[in-house]
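Okay, structure first, notes after.
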Amino acid sequence: MISIFDLAALLLTLSALFGWLNHRFLRLPHTIGLLVMGLLASLALVGLDLAFPRQHLYEDLTQVLRQVDFTDVVMNGMLAFLLFAGAMSLDLRALRDRAWAVATLALVGTLISTAIVGGAFWFAAAALGQPVPLAWALVFGALISPTDPVAVLATLKNVKVPEALEVEMQGEALFNDGIGIVLFTVLVAFAAGSGGEATSAGGVARLLLQEAGGGLVLGVVTGYLAYRAMRAIDDFPVEVLITLALVAGTYALAQKLHFSGPLAVVAAGLLVGDRAPRDAMSEETQGYVSSLWTLIDEVLNSVLFLLIGLEVLVLRFEAGGLVLAACAVPIVLAARLAAVSTPLLAFRWGGNLSARNVPFLTWAGVRGGISVALALSVPESDAKPAILAATYAVVLFTIVVQGSTLGMVARRTLKDLPERDAA
């Protein structure tokens, strides 16, 4: 048993080492490079263990990684700070202009994708002789359908797209995990046979109102209190500390009140990021706050993507489920295409969505650590190995393949696109 400090030291050292090797030799985008190097290191250890079974290298490192509760680390640790950092950098005024498009993609798109992925995954599993109950297939649809805000924001750092489209993608990614987590919670309760009132139409509506609505209101309240506190003083160490306290306190309080912690910190981040720089922070304070949250974003992203790559050592994949996992990739891509296209066809009169953006938005549907964390939290059942393998396959494909080629897709599909027609 090693200490938390030793675990943190190991992960930070590996992140720094792999980051240096990637920058020196692979030259992939930083987060993608860390994931790839973590994955290659995992596969190399598996190979060494097969070649030299008496050395126990694989077993020793696996025992260390098993002490890292990936779901807890992501959902109750990193996520709050990463979402706040992303929300702080988003232009709230631009988001208001794109509110209809963002809401449509985040809500309608997630529901459509969940249904299509669930149905297609259930059919594919039956066709391959590895049946997965429809209820559990829909659970997979709910956890894999929302685009991952952390992965999307990390990917957009390496891709130039029109500003309005970037705001749309950031807004969708920051908000659709809320509806995805609510769907996931309801469907897991139904699949596990403990649904009761929670899976009724009224129960779902109440849960959505409590989780999403309560989270947004809480975030606005705590964000406004932090903004007023920062406005009353001019002392950058205290103001930096206020932003850190805002994130940790808001997320912890949201969990106690059974509100959506992610949506709460997003709302708080949007409010502080919009109002504080205008009349609550001096230029010196803005510099320190911006530098701090940029650093937090980069460091936590590095550790998270490294962990995703190393998780191959911990997850147990059944050989028979690899074909089904491979089938999940085109299923999720097709569902993303439908999720992006259907709102366009249904609400064409709104003028807020453009058919020219559909290929790019489809390919930009990157999934990441949140999907893996939710898959790991699925109760033990016969369907869990298939869900885990499919989730990991989709996450790896979207980050490595889609993430690394998104710039090329943007150049081809968004070429000469006027700014006013960006989304």
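The values are calculated or read from the model by the stated rules, or taken from the named source; none is laboratory data. Bear in mind that the values here come from a model prediction, so they are computed numbers and not experimental data. FYI the Cβ positions are ideal-geometry reconstructions off the backbone, even for glycines, and counts take in every protein chain you see. With ligands, DNA and RNA removed, areas are computed over all heavy atoms of the protein, side chains included. Shrake-Rupley method; radii C 1.70, N 1.55, O 1.52, S 1.80 Å.
Structure notes:
- Residues of the range 79-127 that turn out to be open to solvent by 20 Å² or more (accessible area, probe 1.4 Å) and either acidic (D, E) or under 30 Å from L322 (Cα atoms) (or both), as a count: 12
- Only one entry in R336, R278 is surrounded by 15 or more Cβ atoms within 10 Å (Cβ to Cβ) and of a type in the set (K, R), namely R336.
- Scope the range 358-383; condition within 27 Å of S341 (Cα to Cα), open to solvent by less than 10 Å² (accessible area, probe 1.4 Å) and over 18 Å from the mean Cα position of the chain (by Cα); matching residues: F360
- Options A126, A101; residue that is within 22 Å of L208 (Cβ to Cβ) and of a type outside the set (F, W, Y): A101
- Filter result (more than 21 Å from M75 (Cβ to Cβ) and either modelled with pLDDT under 90 or aromatic (F, W, Y) (or both)) within the range 362-381: W363
- In the range 272-300, the residues that are in contact with a Ser or Thr (Cβ under 9 Å, 6 or more places away or on another chain) and within 30 Å of L207 (Cα to Cα): V272, G273
- All positions within the range 210-225 that are at pLDDT 95 or above and small (G, A, S): G219, G223
- Of the residues making up the range 128-146, at least one is more than 25 Å from A103 (Cα to Cα), open to solvent by 10 Å² or more (accessible area, probe 1.4 Å) and of a type in the set (F, W, Y).
- Which listed residue, of A16, A9, A41, is open to solvent by less than 70 Å² (accessible area, probe 1.4 Å), assigned to a helix (DSSP H, G or I) and modelled with pLDDT under 90: A41
- When the criteria are applied in full, D235 fails the requirement of being under 30 Å from V299 (Cα atoms), of a type in the set (D, E) and surrounded by 23 or more Cβ atoms within 10 Å (Cβ to Cβ).
- Among the residues listed as L209, L295, L253, L241, the single one being touching a Leu at 6+ places or on another chain (Cβ under 8 Å) and part of a helix (DSSP H, G or I): L253
- Remark: pairs (first residue in the range 205-217, over 15 Å from L107 (Cβ atoms); second residue open to solvent by 60 Å² or more (accessible area, probe 1.4 Å) and part of a helix (DSSP H, G or I); Cβ separation under 9 Å; 6+ apart in sequence or on different chains) = R206/E197.
- Of all residues in the range 237-259, exactly one satisfies the criterion of being aromatic (F, W, Y) and modelled with pLDDT of 95 or more, namely Y251.
- Residues located in the range 149-169, provided they are outside any loop (DSSP other than H, G, I, E, B), open to solvent by 20 Å² or more (accessible area, probe 1.4 Å) and within 21 Å of M78 (Cβ to Cβ): L153
- Residues satisfying the stated conditions in the range 23-53, i.e. in contact (Cβ under 8 Å) with a residue 12 or more places away in the chain and aromatic (F, W, Y): none
- Hits in the range 253-275 - residues which are open to solvent by 50 Å² or more (accessible area, probe 1.4 Å) and not polar (S, T, N, Q): L253, K256, L257, H258, F259, R275
- Any hit, the range 218-234, residues being among the acidic types (D, E) and more than 22 Å from the chain's Cα centre (by Cα): yes
- Boolean, P131 is more than 20 Å from the chain's Cα centre (by Cα), part of a loop (DSSP other than H, G, I, E, B) and not aliphatic (A, V, I, L, M): yes
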